[in-house]
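Take a look at the structure set out below.
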Amino acid sequence: MGKIVRLILVIAMSILLLLGTAGCNNEITEPELNLSYVAVDTGQEKCYDDSQEIACPQTGEVFYGQDAQYQGIQPSYQDNGDGTVTDLNTGLMWQKTPGDKVTYDEAVAGVDDFSLAGYDDWRLPTIKELYSLILFSGTDPAPESVEPAVPFVDNNYFDFEYGDISAGERIIDAQYWSSTEYVATTMNQDATVFGVNFADGRIKGYPRDTGPQGQPMAEFVRYVRGNLNYGINNFMDNGDGTVTDNATGLMWPKDDSGEGMDWEDALAWVQQHNEENYLGYNDWRLPNAKELQSIVDYTRSPQTTNSAAIDTVFEVTSIIDERGEMNYPFYWTSTTHVDSAGGGSAAVYVAFGEASGYMGSSWIDVHGAGAQRSDPKSGDPANYPYGRGPQGDAIRIYNYIRCVRDTS
(Lines give C-alpha, C1' and ligand atoms only; values in the text may rest on other atoms or scores of the structure.)
Protein backbone atom coordinates (compact mmCIF):
# COMPACT_ATOMS: atom_id res chain seq x y z
CA MET A 1 0.00 0.00 0.00
CA GLY A 2 2.87 2.38 0.81
CA LYS A 3 4.34 2.09 -2.71
CA ILE A 4 0.91 2.79 -4.26
CA VAL A 5 0.59 5.94 -2.18
CA ARG A 6 4.07 7.08 -3.23
CA LEU A 7 3.25 6.51 -6.92
CA ILE A 8 0.03 8.52 -6.57
CA LEU A 9 2.02 11.34 -4.97
CA VAL A 10 4.54 11.28 -7.82
CA ILE A 11 1.75 11.58 -10.41
CA ALA A 12 0.12 14.41 -8.49
CA MET A 13 3.45 16.20 -8.10
CA SER A 14 4.14 15.90 -11.82
CA ILE A 15 0.76 17.43 -12.68
CA LEU A 16 1.37 20.31 -10.27
CA LEU A 17 4.78 20.97 -11.78
CA LEU A 18 3.35 21.00 -15.30
CA LEU A 19 0.58 23.38 -14.30
CA GLY A 20 2.98 25.57 -12.36
CA THR A 21 5.43 25.97 -15.22
CA ALA A 22 2.87 26.67 -17.95
CA GLY A 23 3.17 30.44 -17.81
CA CYS A 24 6.16 31.33 -15.66
CA ASN A 25 9.27 30.79 -17.76
CA ASN A 26 9.60 27.16 -16.64
CA GLU A 27 10.62 28.12 -13.10
CA ILE A 28 11.26 25.11 -10.88
CA THR A 29 9.24 24.23 -7.82
CA GLU A 30 10.62 21.62 -5.46
CA PRO A 31 9.15 18.09 -5.27
CA GLU A 32 5.88 17.66 -3.38
CA LEU A 33 6.83 14.29 -1.82
CA ASN A 34 8.20 15.82 1.39
CA LEU A 35 11.49 14.32 0.24
CA SER A 36 14.31 16.73 -0.53
CA TYR A 37 16.44 13.91 -1.93
CA VAL A 38 14.42 11.60 -4.16
CA ALA A 39 16.38 8.48 -5.12
CA VAL A 40 14.86 8.00 -8.57
CA ASP A 41 14.54 4.41 -9.78
CA THR A 42 17.32 2.96 -11.97
CA GLY A 43 14.96 2.05 -14.82
CA GLN A 44 16.15 -1.57 -14.86
CA GLU A 45 13.20 -3.72 -16.00
CA LYS A 46 14.77 -7.12 -16.72
CA CYS A 47 15.93 -9.87 -14.36
CA TYR A 48 19.18 -11.83 -14.56
CA ASP A 49 20.91 -14.81 -13.03
CA ASP A 50 24.69 -14.81 -12.77
CA SER A 51 25.15 -14.83 -16.53
CA GLN A 52 22.06 -14.00 -18.57
CA GLU A 53 18.53 -12.62 -18.65
CA ILE A 54 15.88 -14.80 -16.98
CA ALA A 55 12.19 -14.63 -16.15
CA CYS A 56 11.86 -12.71 -12.90
CA PRO A 57 11.96 -15.19 -9.98
CA GLN A 58 9.19 -15.72 -7.47
CA THR A 59 9.55 -15.38 -3.70
CA GLY A 60 11.72 -18.20 -2.39
CA GLU A 61 13.41 -18.86 -5.72
CA VAL A 62 17.09 -18.15 -6.39
CA PHE A 63 17.91 -14.63 -7.57
CA TYR A 64 14.66 -13.26 -6.12
CA GLY A 65 14.78 -9.66 -4.89
CA GLN A 66 16.79 -7.97 -7.62
CA ASP A 67 16.44 -4.43 -8.97
CA ALA A 68 13.74 -5.02 -11.60
CA GLN A 69 11.41 -6.56 -8.99
CA TYR A 70 11.04 -3.31 -7.06
CA GLN A 71 9.48 -0.37 -8.86
CA GLY A 72 10.44 2.80 -7.09
CA ILE A 73 9.83 6.39 -8.13
CA GLN A 74 10.09 6.21 -11.90
CA PRO A 75 12.16 8.67 -13.95
CA SER A 76 10.07 11.57 -15.23
CA TYR A 77 11.36 14.51 -17.28
CA GLN A 78 10.00 17.55 -19.03
CA ASP A 79 11.72 19.04 -22.07
CA ASN A 80 11.11 22.76 -21.66
CA GLY A 81 11.81 23.55 -25.31
CA ASP A 82 14.46 26.13 -24.43
CA GLY A 83 17.58 24.00 -24.08
CA THR A 84 16.67 22.84 -20.57
CA VAL A 85 15.15 19.66 -19.12
CA THR A 86 13.37 19.53 -15.77
CA ASP A 87 13.47 16.39 -13.64
CA LEU A 88 9.95 16.22 -12.26
CA ASN A 89 11.05 14.03 -9.34
CA THR A 90 14.12 15.83 -8.06
CA GLY A 91 13.19 19.43 -8.86
CA LEU A 92 16.49 19.86 -10.71
CA MET A 93 16.70 21.64 -14.08
CA TRP A 94 19.45 20.50 -16.45
CA GLN A 95 21.29 21.77 -19.49
CA LYS A 96 20.05 19.59 -22.36
CA THR A 97 23.14 19.77 -24.59
CA PRO A 98 26.57 19.55 -22.91
CA GLY A 99 28.73 21.11 -25.63
CA ASP A 100 32.44 20.35 -26.02
CA LYS A 101 34.65 18.63 -23.47
CA VAL A 102 36.51 20.93 -21.08
CA THR A 103 39.05 20.61 -18.28
CA TYR A 104 37.90 20.69 -14.69
CA ASP A 105 39.18 24.23 -14.20
CA GLU A 106 37.27 25.31 -17.30
CA ALA A 107 34.14 23.55 -16.04
CA VAL A 108 34.33 25.41 -12.73
CA ALA A 109 35.13 28.77 -14.32
CA GLY A 110 32.47 28.35 -17.00
CA VAL A 111 29.66 28.65 -14.49
CA ASP A 112 30.34 32.37 -13.99
CA ASP A 113 29.48 33.27 -17.58
CA PHE A 114 26.95 30.53 -18.29
CA SER A 115 23.41 31.65 -19.03
CA LEU A 116 20.65 29.54 -20.52
CA ALA A 117 16.89 30.02 -20.94
CA GLY A 118 17.04 33.28 -19.01
CA TYR A 119 18.67 31.79 -15.90
CA ASP A 120 22.06 32.70 -14.50
CA ASP A 121 22.08 30.57 -11.33
CA TRP A 122 23.52 27.45 -12.92
CA ARG A 123 26.12 25.35 -11.09
CA LEU A 124 28.38 22.39 -11.69
CA PRO A 125 26.43 19.44 -10.22
CA THR A 126 27.57 17.49 -7.21
CA ILE A 127 28.23 13.79 -7.77
CA LYS A 128 24.88 12.95 -6.16
CA GLU A 129 23.02 15.40 -8.39
CA LEU A 130 24.78 14.07 -11.49
CA TYR A 131 24.19 10.43 -10.52
CA SER A 132 20.45 11.10 -10.22
CA LEU A 133 20.36 10.96 -14.04
CA ILE A 134 21.92 7.51 -14.42
CA LEU A 135 19.73 4.72 -15.79
CA PHE A 136 20.66 1.05 -15.66
CA SER A 137 18.59 0.29 -18.70
CA GLY A 138 21.92 1.20 -20.33
CA THR A 139 24.45 -1.37 -21.49
CA ASP A 140 28.24 -1.43 -21.20
CA PRO A 141 29.61 -1.11 -24.76
CA ALA A 142 32.14 -3.40 -26.36
CA PRO A 143 35.51 -1.70 -27.07
CA GLU A 144 35.20 -1.97 -30.85
CA SER A 145 31.66 -0.77 -31.59
CA VAL A 146 28.93 1.48 -30.22
CA GLU A 147 26.23 -0.76 -31.64
CA PRO A 148 24.11 -2.12 -30.00
CA ALA A 149 25.03 -0.31 -26.78
CA VAL A 150 22.49 1.86 -24.95
CA PRO A 151 23.69 4.90 -22.93
CA PHE A 152 23.12 5.08 -19.18
CA VAL A 153 21.06 8.27 -19.50
CA ASP A 154 17.73 9.01 -21.17
CA ASN A 155 18.83 10.25 -24.60
CA ASN A 156 15.23 11.02 -25.50
CA TYR A 157 15.66 14.08 -23.28
CA PHE A 158 19.41 14.59 -22.89
CA ASP A 159 21.82 14.94 -25.81
CA PHE A 160 24.54 12.31 -25.53
CA GLU A 161 27.50 11.10 -27.55
CA TYR A 162 30.05 8.34 -27.12
CA GLY A 163 33.78 8.88 -27.39
CA ASP A 164 35.06 9.74 -30.87
CA ILE A 165 37.08 6.77 -32.12
CA SER A 166 38.23 8.72 -35.19
CA ALA A 167 39.85 11.26 -32.86
CA GLY A 168 41.72 8.58 -30.94
CA GLU A 169 39.23 8.33 -28.09
CA ARG A 170 37.71 5.19 -26.66
CA ILE A 171 33.98 4.55 -27.04
CA ILE A 172 33.63 4.90 -23.26
CA ASP A 173 35.22 8.36 -23.19
CA ALA A 174 31.93 10.02 -22.30
CA GLN A 175 32.73 11.15 -18.77
CA TYR A 176 31.01 14.10 -17.08
CA TRP A 177 32.56 16.29 -14.41
CA SER A 178 30.91 16.76 -11.05
CA SER A 179 31.86 19.42 -8.51
CA THR A 180 32.74 16.77 -5.91
CA GLU A 181 36.47 16.58 -5.33
CA TYR A 182 37.86 13.50 -3.62
CA VAL A 183 39.03 14.42 -0.13
CA ALA A 184 42.07 12.15 -0.57
CA THR A 185 44.23 11.43 -3.63
CA THR A 186 44.40 8.64 -6.19
CA MET A 187 47.00 7.12 -8.50
CA ASN A 188 50.28 8.98 -7.89
CA GLN A 189 48.89 11.34 -5.25
CA ASP A 190 46.81 13.01 -7.93
CA ALA A 191 44.15 15.51 -6.91
CA THR A 192 40.94 13.82 -8.03
CA VAL A 193 37.38 14.77 -8.98
CA PHE A 194 34.49 12.34 -9.17
CA GLY A 195 32.59 12.02 -12.42
CA VAL A 196 29.90 9.87 -13.99
CA ASN A 197 30.50 7.94 -17.19
CA PHE A 198 27.16 7.66 -18.97
CA ALA A 199 28.70 5.41 -21.63
CA ASP A 200 29.73 2.56 -19.32
CA GLY A 201 27.62 3.25 -16.22
CA ARG A 202 30.19 4.02 -13.51
CA ILE A 203 31.34 6.64 -11.02
CA LYS A 204 35.09 7.05 -11.03
CA GLY A 205 37.64 9.53 -9.79
CA TYR A 206 39.45 11.46 -12.53
CA PRO A 207 42.68 13.48 -12.27
CA ARG A 208 41.86 17.11 -11.67
CA ASP A 209 45.02 18.64 -13.09
CA THR A 210 46.95 16.18 -15.27
CA GLY A 211 45.48 13.30 -17.26
CA PRO A 212 47.03 10.02 -18.45
CA GLN A 213 48.76 11.74 -21.39
CA GLY A 214 50.28 14.48 -19.27
CA GLN A 215 47.66 17.05 -20.30
CA PRO A 216 44.64 18.14 -18.23
CA MET A 217 41.82 15.68 -18.73
CA ALA A 218 38.78 16.97 -20.65
CA GLU A 219 35.23 15.81 -19.93
CA PHE A 220 31.70 16.88 -20.70
CA VAL A 221 29.74 19.25 -18.45
CA ARG A 222 26.01 19.37 -17.86
CA TYR A 223 25.16 22.31 -15.61
CA VAL A 224 22.22 22.21 -13.21
CA ARG A 225 20.05 24.55 -11.15
CA GLY A 226 17.28 24.27 -8.54
CA ASN A 227 16.73 22.20 -5.34
CA LEU A 228 19.82 23.14 -3.37
CA ASN A 229 18.97 20.44 -0.81
CA TYR A 230 19.33 17.59 -3.28
CA GLY A 231 21.91 15.03 -2.18
CA ILE A 232 21.98 16.19 1.46
CA ASN A 233 21.14 13.35 3.85
CA ASN A 234 19.11 13.75 7.05
CA PHE A 235 19.89 10.67 9.12
CA MET A 236 18.01 9.78 12.30
CA ASP A 237 19.20 6.99 14.59
CA ASN A 238 16.00 5.21 15.58
CA GLY A 239 17.58 3.56 18.61
CA ASP A 240 16.55 0.08 17.46
CA GLY A 241 19.41 -0.85 15.17
CA THR A 242 17.99 1.12 12.23
CA VAL A 243 18.70 4.52 10.69
CA THR A 244 16.14 6.54 8.74
CA ASP A 245 17.20 9.06 6.12
CA ASN A 246 14.37 11.57 6.24
CA ALA A 247 15.70 13.17 3.05
CA THR A 248 15.18 10.04 0.92
CA GLY A 249 12.50 8.21 2.94
CA LEU A 250 14.73 5.12 3.17
CA MET A 251 15.53 3.08 6.28
CA TRP A 252 18.84 1.25 6.72
CA PRO A 253 20.30 -1.11 9.34
CA LYS A 254 23.14 0.41 11.34
CA ASP A 255 25.16 -2.78 10.79
CA ASP A 256 26.28 -4.42 7.56
CA SER A 257 26.39 -8.15 6.81
CA GLY A 258 29.72 -8.62 8.58
CA GLU A 259 30.95 -10.91 5.82
CA GLY A 260 31.26 -10.95 2.06
CA MET A 261 29.35 -13.20 -0.32
CA ASP A 262 28.61 -13.52 -4.02
CA TRP A 263 25.59 -11.85 -5.60
CA GLU A 264 23.25 -14.85 -5.50
CA ASP A 265 23.98 -15.38 -1.82
CA ALA A 266 23.58 -11.65 -1.14
CA LEU A 267 20.03 -11.75 -2.52
CA ALA A 268 19.32 -14.90 -0.48
CA TRP A 269 20.80 -13.30 2.66
CA VAL A 270 18.27 -10.47 2.50
CA GLN A 271 15.34 -12.85 1.98
CA GLN A 272 16.45 -14.98 4.91
CA HIS A 273 16.54 -11.89 7.10
CA ASN A 274 13.01 -11.03 6.00
CA GLU A 275 11.87 -14.48 7.12
CA GLU A 276 13.49 -13.75 10.48
CA ASN A 277 11.74 -10.35 10.76
CA TYR A 278 15.12 -8.62 10.92
CA LEU A 279 15.07 -5.63 13.28
CA GLY A 280 11.27 -5.90 13.37
CA TYR A 281 10.65 -5.69 9.60
CA ASN A 282 10.15 -8.24 6.83
CA ASP A 283 10.30 -6.00 3.75
CA TRP A 284 14.04 -5.44 3.43
CA ARG A 285 15.66 -5.55 0.00
CA LEU A 286 19.11 -5.35 -1.49
CA PRO A 287 19.39 -1.65 -2.45
CA ASN A 288 19.61 -0.64 -6.07
CA ALA A 289 22.61 1.34 -7.27
CA LYS A 290 21.09 4.78 -6.72
CA GLU A 291 19.72 3.95 -3.29
CA LEU A 292 23.09 2.69 -2.07
CA GLN A 293 25.03 5.60 -3.55
CA SER A 294 22.68 7.96 -1.72
CA ILE A 295 24.33 7.15 1.64
CA VAL A 296 27.94 7.71 0.52
CA ASP A 297 29.57 10.52 2.48
CA TYR A 298 32.02 12.14 0.08
CA THR A 299 33.61 14.18 2.88
CA ARG A 300 35.15 11.00 4.31
CA SER A 301 37.80 8.52 3.18
CA PRO A 302 40.22 5.99 4.70
CA GLN A 303 43.16 8.31 3.97
CA THR A 304 41.73 11.47 5.52
CA THR A 305 39.28 10.39 8.23
CA ASN A 306 40.47 6.83 8.87
CA SER A 307 36.96 5.66 8.08
CA ALA A 308 34.71 4.43 5.34
CA ALA A 309 32.94 7.00 3.16
CA ILE A 310 29.74 6.89 5.17
CA ASP A 311 28.22 8.77 8.10
CA THR A 312 29.41 7.63 11.53
CA VAL A 313 25.85 6.73 12.51
CA PHE A 314 26.53 3.49 10.57
CA GLU A 315 28.78 0.62 11.62
CA VAL A 316 31.16 -0.63 8.93
CA THR A 317 33.12 -3.87 8.95
CA SER A 318 36.79 -3.36 8.22
CA ILE A 319 38.64 -5.69 5.84
CA ILE A 320 42.21 -6.49 4.82
CA ASP A 321 42.54 -5.44 1.19
CA GLU A 322 44.69 -6.56 -1.74
CA ARG A 323 47.72 -4.73 -0.30
CA GLY A 324 47.37 -6.48 3.03
CA GLU A 325 46.23 -3.22 4.63
CA MET A 326 43.06 -2.26 6.47
CA ASN A 327 40.32 -0.96 4.21
CA TYR A 328 36.54 -1.04 3.93
CA PRO A 329 34.30 -3.18 1.72
CA PHE A 330 32.64 -2.95 -1.62
CA TYR A 331 28.87 -3.33 -1.14
CA TRP A 332 26.59 -5.15 -3.53
CA THR A 333 23.54 -3.58 -5.10
CA SER A 334 20.58 -5.40 -6.64
CA THR A 335 21.40 -3.81 -10.01
CA THR A 336 22.87 -5.88 -12.84
CA HIS A 337 25.52 -4.19 -14.96
CA VAL A 338 24.38 -5.37 -18.39
CA ASP A 339 26.81 -5.65 -21.30
CA SER A 340 25.97 -4.60 -24.87
CA ALA A 341 25.31 -8.24 -25.86
CA GLY A 342 22.64 -8.46 -23.16
CA GLY A 343 24.71 -10.53 -20.76
CA GLY A 344 24.24 -10.10 -17.04
CA SER A 345 27.33 -11.65 -15.46
CA ALA A 346 28.26 -8.52 -13.48
CA ALA A 347 26.46 -6.55 -10.78
CA VAL A 348 26.98 -3.01 -9.56
CA TYR A 349 28.76 -2.29 -6.29
CA VAL A 350 29.67 0.90 -4.46
CA ALA A 351 33.12 1.22 -2.86
CA PHE A 352 32.85 2.63 0.66
CA GLY A 353 36.60 2.11 1.04
CA GLU A 354 39.34 2.79 -1.47
CA ALA A 355 38.52 1.63 -5.01
CA SER A 356 41.73 -0.32 -5.51
CA GLY A 357 43.42 -1.21 -8.78
CA TYR A 358 46.65 -2.86 -9.82
CA MET A 359 48.83 -0.38 -11.71
CA GLY A 360 52.58 -0.04 -12.08
CA SER A 361 53.08 -3.42 -10.39
CA SER A 362 51.35 -2.40 -7.17
CA TRP A 363 47.89 -1.94 -5.67
CA ILE A 364 46.76 1.67 -5.29
CA ASP A 365 43.55 3.64 -4.80
CA VAL A 366 42.67 4.29 -8.44
CA HIS A 367 39.18 5.80 -8.23
CA GLY A 368 38.46 6.82 -4.65
CA ALA A 369 36.13 5.87 -1.83
CA GLY A 370 32.64 6.49 -3.19
CA ALA A 371 33.33 5.10 -6.66
CA GLN A 372 30.73 2.85 -8.29
CA ARG A 373 31.97 -0.03 -10.41
CA SER A 374 30.91 -3.67 -11.01
CA ASP A 375 32.12 -7.16 -10.13
CA PRO A 376 31.43 -10.61 -11.55
CA LYS A 377 28.43 -12.05 -9.72
CA SER A 378 30.19 -15.35 -9.10
CA GLY A 379 33.59 -16.97 -9.43
CA ASP A 380 36.93 -17.03 -7.67
CA PRO A 381 38.71 -13.74 -6.91
CA ALA A 382 42.01 -15.63 -7.09
CA ASN A 383 41.52 -15.77 -10.86
CA TYR A 384 42.10 -11.99 -10.95
CA PRO A 385 45.48 -11.56 -9.24
CA TYR A 386 46.08 -8.27 -11.07
CA GLY A 387 42.50 -7.05 -11.22
CA ARG A 388 40.64 -6.38 -14.45
CA GLY A 389 40.43 -3.60 -17.02
CA PRO A 390 42.79 -0.73 -17.91
CA GLN A 391 43.15 0.36 -14.26
CA GLY A 392 43.37 -3.19 -12.91
CA ASP A 393 40.15 -2.84 -10.91
CA ALA A 394 40.25 -5.13 -7.88
CA ILE A 395 37.84 -8.06 -8.28
CA ARG A 396 36.51 -9.29 -4.95
CA ILE A 397 33.19 -11.00 -5.86
CA TYR A 398 32.55 -11.65 -2.16
CA ASN A 399 31.17 -8.23 -1.36
CA TYR A 400 29.26 -6.99 1.68
CA ILE A 401 25.60 -6.07 2.15
CA ARG A 402 23.60 -3.28 3.73
CA CYS A 403 19.91 -3.81 3.06
CA VAL A 404 17.22 -1.12 2.82
CA ARG A 405 13.48 -0.62 3.10
CA ASP A 406 10.96 2.14 2.43
CA THR A 407 9.55 4.01 5.40
CA SER A 408 6.18 4.52 3.71
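Kindly identify region 62-106 as rounded, prolate or oblate by the Cα gyration tensor criterion: order the square roots of the eigenvalues as a ≥ b ≥ c, call it rounded if a/c is under 1.5, otherwise compare a/b with b/c, prolate if a/b is larger, else oblate. In terms of gyration-tensor shape, oblate. On region 111-166, 46 percent of the accessible area sits on carbon and sulfur atoms, based on a 1.4 Å probe.
Starting from the Cα of Asp255, move 7 Å in the Cα-to-Cβ direction to define the label point; list residues of region 278-313 whose amide nitrogen is under 13 Å from there. Correct set: 278-280. What the chain shows is 40 Å² of accessible area per residue, with the surface traced by a 1.4 Å probe over protein heavy atoms.
If the segment from Asp283 to Glu181 were pulled out straight at 0.36 nm per residue, it would be longer than the present Cα-Cα gap by 33.1 nm.
Note on region 35-114: the C-alpha convex hull projects to 8.9 nm² when averaged across all orientations. Each eigenvalue of the Cα gyration tensor of the chain, multiplied by 5 and square-rooted, gives one semi-axis; in descending order these are 30, 28, 21 Å. Atom-type composition of the exposed protein surface of region 270-375 places 44 percent of the accessible area on carbon and sulfur (1.4 angstrom probe).
For region 199-246, the spread of Cα positions along the three principal axes, ordered from largest to smallest, is 52, 27, 22 Å. Calculated mean residue ellipticity, 222 nm, the chain: -3500 deg cm²/dmol, from DSSP H runs (n ≥ 4) at -39500 (n - 2.57) each, averaged per residue and rounded to 500.
Could you tell me the distance between the Cα centroids of region 122-179 and region 259-277, to the nearest Å? Answer, in whole Å: 32.
Which one of Ile165, Ile203, Ile395 has the biggest mean-square fluctuation once the chain is modelled by GNM with Cα springs under 10 Å? Result: Ile165 has the largest fluctuation of those listed. Taking 7 Å steps out from each Cα toward its Cβ at Val313 and Glu275 produces label points 3.2 nm apart.
Between Ser408 and Ser361, the FRET efficiency estimated from the beta carbon spacing at R0 = 41 angstrom works out to 0.20. Of all DSSP beta bridges in the chain, what percent run antiparallel (nearest 5)? Taking every DSSP beta bridge within the chain, about 95 percent pair in antiparallel fashion. Of all the options Tyr119, Tyr331, Tyr176, the one that moves most in a Gaussian network model of the chain with Cα springs shorter than 10 angstrom is Tyr119.
For region 146-216, what log10 I(q)/I(0) values come out of the Debye formula at q = 0.13, 0.17, 0.27 1/Å, with one point per alpha carbon and no solvent? The computed values of log10 I(q)/I(0) come out as -0.43, -0.70, -1.24. Residue by residue, region 306-320 carries 3J(HN,Hα) couplings of 6, 8, 6, 7, 7, 4, 6, 5, 9, 8, 10, 6, 8, 10, 9 Hz when phi is fed to the Karplus relation 6.51 cos²θ - 1.76 cosθ + 1.60 (θ = phi - 60°); x denotes Gly or Pro.
Per-residue extension of 0.36 nm, minus the Cα-Cα distance of Met326 and Asn383, leaves a gain of 18.3 nm for this segment. Considering only Ile54, Ile397, Ile172, the mean-square fluctuation computed in a Gaussian network model of the chain, springs between alpha carbons under 10 angstrom, is largest for Ile54.
Working note: Cα gyration tensor of region 108-180, eigenvalues times five, square-rooted, sorted largest first, giving semi-axes of 26, 15, 12 Å. In terms of overall dimensions, region 43-169 has a Cα radius of gyration and Dmax of 18.2, 57 angstrom.
The values are calculated or read from the model by the stated rules, or taken from the named source; none is laboratory data. If you're wondering where the values come from, they're calculated on a predicted model, not measured in any experiment. Backbone-built Cβ (ideal geometry, glycine too); neighbour counts: all protein chains shown. The protein model used for the area step is the full one, side chains on, heavy atoms only, and it has no ligands, DNA or RNA in it. Shrake-Rupley method; radii C 1.70, N 1.55, O 1.52, S 1.80 Å.
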